[in-house]
Amino acid sequence: MAGSPRPGGRVRSRSRPRSPARSKRSWPGADERRVSTGPVFIGAEIYRASSFGAHHPLAVPRVSTVMDLARALGWLAPGQYRTSPRARPEGLGIWHDPDYVAALMRAEQAQAVEVWTRERYRIGTSDNPIFPEMFRRPATGCGAAMLAAGLLRRGGVVHAPGCGTHHGLPDRANGFCFLNDLAIAILSLRALGIRRIAYLDIDAHHPDGVEHGFGRDPEILMVSVHQAGRWPRTGLAGDRGAGNVYNLPVPAGLNDSEFAHIRDALVRPLVAAFRPEAVILQCGADALAEDPMSRLMLSNNAHADFLHAVRPLAPRLLLTGGGGYNPWSVARLWTRLWGELNGLPMPTRLPPAARQVLRDLSWTRAGRARPPAPGWTDTLADPPRPGPLRREIRELVAMHRARLPQASPGPNVAGKAPGPG
Ligand SMILES: [Zn+2]
């Protein structure tokens with residue numbers, strides 16, 4: 001936590017060592033100076049009972065299930081868990097318009113908005129509804145982003161599954177995102193002098209909010225793999241930004257083999273050539289086959305392998321959540337990735353306490369209860385979902401590879417397509 005504020009901005013007592021200029025205590029993570037000894041998990045209890053409303057895709061529990069599942073597995077040692085602070089309104093001003101933040105806070109307090117507020121700020125809509133924690137919950141995600149930046153100052157790995165609100169815009173809500181904790185993470189790292197950041201987004205949707213903020217920043221590499229034609233319909237393959245934007249709008253049905261080709265033929269060499277000081281990986285769970293909000297067909301092996309591929313490419317890694325609307329697949333993915341970051345063996349069958357966490361979940365869609373499929377309550381790792389490497393994917397990757405500095409010949413893609421379709 002940031003500790004108590006200095007009343008009236010008075011100068012701190014000389015009995016305490018002075019901080020270097022860059023570590024002035026201006027946000028929750030700013031005074032973290034320890035060298036990380038292992039991955040850190042940032043969670044918060046606010047997610048446990050919070051819902052966007054019974055009919056909203058974010059009615060399902062997500063972060064709290066990850067916390068419970070990781071604890072049930074014995075994967076969350078006390079020293080690894082940090083409670084996210086809540087960002088203060090003035091701290092959000094590094095990215096967000098103060099008038100918008102004030103409107104969001106008023107809406108939370110009143111649990112209602114005027115028509116002009118809804119039209120101006122897009123809050124109180126069906127996508128971005130009024131709910132009890134509508135400011136505190138996203139502000140907790142932003143606090144996690146600030147804390148993560150401080151923890152990563154000297155290097156390390158942080159998993160913040162409550163972060164990942166990549167659609168948020170400076171002055172309005174967008175696509176279930178009231179605030180943009182990824183923009184806050186980037187700017188918080190920047191404030192610590194960390195300039196070159198690779199932002200990688202493998203959510204099923206294009207991160208329009210993050211690209212809005214950083215698509216023209218040549219020191220931010222932006223890579224997004226998302227389903228073509230899906231909301232927000234931005235993220236076209238031809239977008240270049242300042243030359244740093246690589247969008248991969250992929251067709252429905254994206255399989256593990258195709259994702260591996262994107263990873264090995266493009267993302268890994270691209271990020272390696274960029275030489276980032278930090279990687280931010282937005283790992284939304286909605287590209288998984290069983291997610292209701294997209295038509296991509298990945299298994300969670302795709303995400304785990306991608307994480308392992310990019311982790312060595314920078315001294316700092318922030319892994320976040322994002323979309324993901326099937327409560328079982330979200331919890332299994334984000335918990336699995338925490339285990340992967342810690343080098344833990346994946347159990348072939350979960351122990352009883354962990355199974356119980358997953359069995360206690362319920363999911364209702366369109367007024368009907370959806371039971372878990374076999375395997376969703378007993379395992380973390382999905383069966384692989386390989387498939388043919390389609391021409392659209394090969395061409396997309398080849399197009400972007402041609403932009404790489406000193407592009408080298410790609411792998412023998414003809415030999416990469418496994419199995420029957
Ligand atoms: Zn998404």
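Every number here is computed from the coordinates shown, using simple stated rules; none is lab data. Since we're looking at a predicted model, the values are computed, not measured. Here the Cβ positions follow ideal geometry from the backbone for every residue, glycine too, while neighbour counts run over all protein chains shown.
How are the Cα pair distances of the range 26-408 distributed, in percent, across 10 Å bins from 0?
Here the calculated profile for the range 26-408 is 5, 25, 36, 26, 8, 0.
Please find, in a Gaussian network model of the chain (springs between Cα atoms separated by less than 10 Å), the residue of Pro276, Pro371, Pro292 whose mean-square fluctuation is greatest.
In this elastic network of the chain, the residue with the biggest mean-square fluctuation among Pro276, Pro371, Pro292 is Pro371.
Pick from Gly74, Gly91, Gly156: which is most flexible by mean-square fluctuation in a GNM of the chain where alpha carbon atoms under 10 Å apart are linked?
In the Gaussian network model the winner is Gly74.
For the range 328-406, what is the relative contact order in percent, using Cα pairs closer than 8 Å and at least 6 residues apart in sequence? Don't jump to the answer; show the numbers that get you there.
Working: 44 pairs, mean separation 28.3, N = 79.
Normalised by residue count, the contact order of the range 328-406 is 36 percent.
How large is log10 I(q)/I(0) at q = 0.14, 0.17, 0.30 Å⁻¹ when the Debye formula is applied to the Cα atoms of the range 163-208, each weighted equally and without solvent?
Scattering profile of the range 163-208, log10 relative to I(0): -0.35, -0.50, -1.10.
Determine the gain in length on full extension of the stretch Ala49-Thr83; use 0.36 nm per residue of separation and subtract their C-alpha separation, reporting nm with one decimal.
Working: separation 34, 0.36 × 34 = 12.24 nm, distance 1.61 nm.
Fully extending the segment from Ala49 to Thr83 adds 10.6 nm.
Once both labels are modelled 7 Å past Cα along the beta-carbon direction, what's the Glu219-His56 spacing in nm?
3.5 nm
Please order Leu344, Leu187, Leu318, Leu270 by the number of other Cβ within 10 Å, starting at the fewest.
Lowest to highest Cβ neighbour count: Leu344, Leu187, Leu270, Leu318.
Would you calculate the separation in nanometres between label points at Asp99 and Arg240, each defined as 7 Å from the Cα along the Cα-to-beta-carbon direction?
Each label point is offset 7 Å from its Cα along the Cβ direction, giving 3.5 nm.
How high is the FRET efficiency between Ala402 and Arg106 when r is their beta carbon distance and R₀ equals 45 Å, given to the nearest 0.05? Provide the component values of the computation, followed by the final result.
Details: r = 50 Å, r/R0 = 1.11.
Step by step, r from the Cβ atoms, then E = 0.35.
Over the chain, what relative contact order in percent results from Cα pairs under 8 Å that are six or more residues apart?
Numbers: 857 pairs, mean separation 66.2, N = 421.
It comes to 16 percent, rounded to a whole number.
Among Arg368, Arg401, Arg118, which one shows the highest mean-square fluctuation when the chain is modelled as a Gaussian network with alpha-carbon springs under 10 Å?
Arg368
Where nothing but the Cβ of Lys and Arg (+1) and of Asp and Glu (-1) is charged, how large is the charge dipole of the chain around its Cα centre, in debye to the nearest 20? Don't skip to the answer; put the middle values down first.
Values: 54 positive and 35 negative charges, 286 e Å.
Roughly 1380 debye, rounded to the nearest 20.
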